[in-house]
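Reading through the structure tokens given below for one structure.
The values are calculated or read from the model by the stated rules, or taken from the named source; none is laboratory data. Because the structure is a prediction, the values reported are computed rather than measured. Every residue, glycine as well, gets a Cβ built from its backbone with ideal geometry; the counts of neighbours run over all protein chains shown. Heads up: the accessible areas ignore ligands, DNA and RNA and are worked out on the full protein's heavy atoms, side chains in. Shrake-Rupley method; radii C 1.70, N 1.55, O 1.52, S 1.80 Å.
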Amino acid sequence: RCLSPGGTSPASWAQQRLWVLGQLEPAGAAYNLHWAARLDGGINISLLQGALEALAARHETLRTTFAPGNGEPVQLVARQGNVRLEEESLPGADADRLHARLLGLIRQPFELRAGPLLRAYLLRISDTHSVLLLVMHHIVADGWSMGVLFRELASLYNAALAGRAAVLPPLPVQYADYAIWQRAWLSGGE
């Protein structure tokens, strides 16, 4: 590990680019990524909240915010995540109303300095039908990682429902480690 918990790291080149774009348009949502899933059946809110917290504990990038450093942004990795599942009731919402609400949530801008850069929503259509929406800023995730995060969230939640620990592969490297490696490699003779 290159970074101690609660420490700082330089931003990767991609994160630096997204930081600059965010400074140019702070109220924009062009770099918000989202993933939604329809959930059928009853949902255990406390276990789903716990699964979100475990996901943030596992992936430093979900606990990361960004601040200006010496002319460049730095990653600030919090020791604990600040992911809160927000519930909203939309009883009997048709597809158009649900779509409009999802777009409204997706289009809310992120504050890269304050975070969190992951938002989670559970929209309840009825007692047995809900939509789970995760929204993240592209500075902490990409399309590929969204799939990984959603699969891991499902594993964490299902394991909690079964009363056991989720079996997930260890993460020997975090994204901040990659950013440090990238900067060192590109500043070398290569």
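Sort Tyr157, Tyr121, Tyr31 from largest to smallest accessible area, using a 1.4 Å probe on the heavy atoms of the protein chains.
Highest to lowest solvent-accessible surface, that is Tyr31, Tyr157, Tyr121.
On the Cα set of the range 79-159, report Rg and Dmax in Å, please.
13.7, 41
Roughly how many Å² is the accessible area per residue of the chain, as a whole number, for a 1.4 Å probe?
Counting only protein heavy atoms, the per-residue value for the chain is 53 Å².
Round to the nearest 0.05 the FRET efficiency obtained for Arg164 and Asp40 when R0 = 30 Å and r is the Cβ-Cβ distance.
0.85
I'd like the carbon and sulfur percentage of the solvent accessible area for the chain, probe radius 1.4 Å, heavy atoms only, ligands and nucleic acids excluded.
The C+S portion of the solvent-accessible surface of the chain is 56 percent.
By how many degrees, 0 to 90 and rounded to 10, does the Cα axis of helix 13-24 deviate from the longest principal axis of the chain?
On a 0 to 90 degree scale, this one is about 70.
State the antiparallel share, in %, of DSSP beta bridges confined to the chain, rounding to the nearest 5.
Roughly 85 percent of the beta bridges in the chain run antiparallel, per DSSP.
Determine the shape class of the range 21-128: with a ≥ b ≥ c the square roots of the Cα gyration tensor eigenvalues, call it rounded for a/c under 1.5, and otherwise prolate if a/b is greater than b/c, oblate otherwise.
Oblate shape, in that a/c is at least 1.5 and b/c is the bigger or equal ratio.
Who wins for biggest fluctuation among Gly22, Gly50, Gly71 in a Gaussian network model of the chain, springs between alpha carbons below 10 Å?
Ranking Gly22, Gly50, Gly71 by mean-square fluctuation puts Gly71 first.
Give the angle, between 0 and 90 degrees and rounded to the nearest 10, that separates the Cα long axis of helix 95-106 from the longest principal axis of the Cα atoms of the chain.
30
Please say if the range 65-105 is rounded, prolate or oblate, where rounded means a/c under 1.5 for a ≥ b ≥ c the square roots of the C-alpha gyration tensor eigenvalues, and otherwise the choice is prolate for a/b larger than b/c and oblate otherwise?
oblate
At 222 nm, what helix-only mean residue ellipticity would the chain give, in deg cm²/dmol to the nearest 500, using -39500 (n - 2.57) for each DSSP H run of four or more?
Rounded to the nearest 500, the figure is -11500 deg cm²/dmol.
Kirkwood hydrodynamic radius for the chain: how many Å is it when counted over pairs of different Cα atoms?
Computed over Cα pairs of the chain, the Kirkwood hydrodynamic radius comes out at 17.7 Å.
What is the Cα centroid distance between the range 67-106 and the range 112-148, reported in whole angstrom?
If you average the Cα positions of each part, the centres end up 6 Å apart.
Angle, helix 175-186 long axis vs. longest principal axis of the chain, Cα atoms, 0 to 90°, nearest 10?
On a 0 to 90 degree scale, this one is about 30.
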